[in-house]
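For reference, the structure discussed in these notes is given below.
The values are calculated or read from the model by the stated rules, or taken from the named source; none is laboratory data. Please read these numbers as outputs of a predicted model, since none were measured by experiment. Because the Cβ atoms are built from the backbone with ideal geometry, glycine has one as well, and the counts that use them run over all protein chains shown. Each accessible area value is taken on the protein alone, full model and side chains, heavy atoms only, with ligands, DNA and RNA left out. Shrake-Rupley method; radii C 1.70, N 1.55, O 1.52, S 1.80 Å.
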Amino acid sequence: MSADDNRLIADCLAGDTKAFGELVRRHQDRLYNTVFRLVENAEDALDVVQESFINAYQSLDSFKGDAQFFTWLYRIAVNTAISLKRKKRVLLRIPDLQGQISIEPIDPSEASRPGYALEQAEEEQKLHRALERLSPEHRVVLVMKELEGQKYEDMAETLGVPIGTIRSRLHRARLELRELLERDETEARR
Amino acid sequence: MLTPHELELLTAHVDGELNSAQRRQVAALLERSGEARTLLTQLQRDAERLRSLSRRTVPIDLSETVLAEIGQLACQPRVVPLRRTTKFPLWRGVAAAAAVLFAVGLGSFLLNSPKGDPTIANNTQASIDKQPESGNDRDTSPLPRKTLEPLGNPNRDKAIVKVEQLPTPRPVQTTPPPNQGDILAANGHDSATKLEKVEVDLPTIARLHELHQEEHASALTDRLSKLRSARVELTSREGAKAFERLRKALEAKQVTLHVDPLTQARLKKPQQKTDVVVFLENVKPETLVELLQQVGNEDRMGDPHFEGAVVVKELARWDRKDLMDLLGIDPLVNRPSPIRKQGVDIRREFPEQTAREVVAALDGKGVPRPGSEPRHHAFVSHFPATKNRSTELTRFLELRQPVKSGTLQVLLLVIRHVS
């Protein structure tokens, strides 16, 4: 995949804009999935992804090729999403769970089970609520770790902070998430 | 109760980022502490829950939109210079810093030295003597001359370190001297804290769905008649659908829309949130009200796309700035000049071309007949707009008409409702 990406980047730098369209098609879903969890809003996620691709295009020649294109793109998107979240921090948002976004179950056989959709929606809502309350800095490390499976080192490089900071942010994020989920479960039992 | 270090070990264990020594520590901790075992299980379950969140996929193929945006921006991958040429070399900065440090050090040495040191006295005096000074600064007392003057003397530093005063920033707006009756001035406030009188232009708010009622329509017409330009703000949850309704009403009013291509692309994708601006000129207040009435009626009768409130006010300074960004010119200042009537020499025959055009116009073809209402032209863009000059914008600017008295320049905005 990386070799193909590099070829497309080279084509793009040579003036073939359509090659960049191919790069967009390759990475849009994966990027969108992560960004969606960061901004918790389908429209904002679309905007962030789109803006990230345009920024990436404009800075394409500064892409060194020593990292994967997606990692580089991901860094742009995460920073864009964090700055958006900071701007919108004061706004109260209702999670867009009934949007036109398709939800793909991890295990297709699970989807056919009666009540699966409802359970999944409830579970998502709980996690949405908890994630929403985390600060952007804490939320991003959790998303990078659990959705992208990134290591401390990669996360530190992407976010431009020391590894120790990543470790402590993730530590606080996990404990905070635990507390929020526990509070939510306690309230649900009442 | 787990210690902070033990908690860190547990979360790092969930992260999968422990070295072998730490793993042994965690194993020992789990063996001896039930609390640790419970917490670790919960943390691992939380992580699993996050990992099992459904995968989201992009609802539309973004490649087309991204490429359209890139095309509109006419951007190319930037060429980043390998080295930035510095106009201010590093050695100069180091030299300047060293000079300042030296001066400060010397000053502090002289200030903190014992008063009776003759060497310092002589040096300092020599420095003082070199400086131009007023007669008041000279020590005329019969006592031995002070080698160092007391702290607080404004002239002290002149002899040692010459401090160049930065030019005072020029005030943006000069304030006239206060009147005698000015309370703030009388109370000793300086010019920096003086309050300015600001005139606030309050907007008019009308209900779109009630504009069919005569009283509301005439009130809005009256308000608009007092303006030279108007910013008309409509709010909607669905920008694209709401604009479609506005578009129909504009076209029914013989307005030709010149829509920015990127905006057209965005409007075709209702999933994308889009704020739309429409700029048009030479609009009579009553025409604008009729237009809003039509939009309101359709919205009221059918599936409502607008929130209902119409906010109207004169174009503000920042609106003009936005318009300049949008159009590349300030449309309030830069207006096409009226066409001057050319003198006609009745002794000369009309050219055949003119005669044909006159005949065609009288037949209602080609050039509009005198008295017929000319078509309006409006430029439509999304907002905030990208700074580019599309052919649609060029066409719109070419078709602009000279200012007509009693008409308005109108900036219509269809803005998403923010909950």
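Just a few scattered comments:
- Given their separation in residues at 0.36 nm each and the Cα-Cα distance between them, B:Q44 and B:R375 gain 112.3 nm when the chain is fully extended.
- For the cross-link pairs B:K241/B:K269; B:K226/B:K404; B:K253/B:K313; B:K226/B:K313, the ones whose C-alpha atoms lie over 20 Å apart are B:K253/B:K313.
- Listed values for segment B:403-415 are Karplus-derived 3J(HN,Hα) couplings in whole Hz (6.51 cos²θ - 1.76 cosθ + 1.60, θ = phi - 60°), namely 5, 10, 5, x, 10, 10, 9, 10, 10, 9, 10, 10, 10, and x replaces Gly and Pro.
- Förster radius 60 Å - calculated FRET efficiency between B:I60 and B:S108 (Cβ-Cβ, nearest 0.05): 0.35
- Close amide-amide hydrogen proximity is noted between A:Q150 and A:K145, each under 5 Å apart and 5 or more residues distant or on a separate chain (H modeled in the peptide plane; Pro and chain starts excluded).
- In this calculation the C-beta distance from A:E123 to B:V333 is compared with R0 = 41 Å, giving a FRET efficiency of 0.10.
- Across segment B:28-42, computed HN-Hα scalar couplings (Karplus, 6.51 cos²θ - 1.76 cosθ + 1.60, θ = phi - 60°) run 5, 4, 5, 5, 9, 10, x, 4, 5, 4, 5, 4, 4, 4, 5 Hz from first to last residue, x flagging Gly and Pro.
- Heavy-atom accessible area ranking, 1.4 Å probe, most first, across A:M144, B:M301, B:M324: B:M301, B:M324, A:M144
- Rounded if a/c under 1.5, otherwise prolate or oblate - segment B:4-46, Cα gyration tensor axes: oblate
- Over 32 Å (Cα to Cα) - which of A:K151/B:K268; A:K64/B:K268; A:K126/B:K248; A:K18/A:K64 fall in this group: A:K151/B:K268; A:K64/B:K268; A:K126/B:K248
- Near B:T274, the amide H atoms lying under 5 Å from its own belong to B:G239, B:A240; only residues 5 or more places off or on other chains count, and H is placed 1.01 Å from N.
- ³J(HN,Hα), Karplus 6.51/-1.76/1.60, whole Hz, each residue of segment A:52-57, x for Gly, Pro: 5, 5, 5, 4, 4, 4
- Cleavage-rule hits, trypsin sites (Lys or Arg not before Pro), segment A:1-84, DSSP coil, Cβ neighbours within 10 Å at most 15: A:K64
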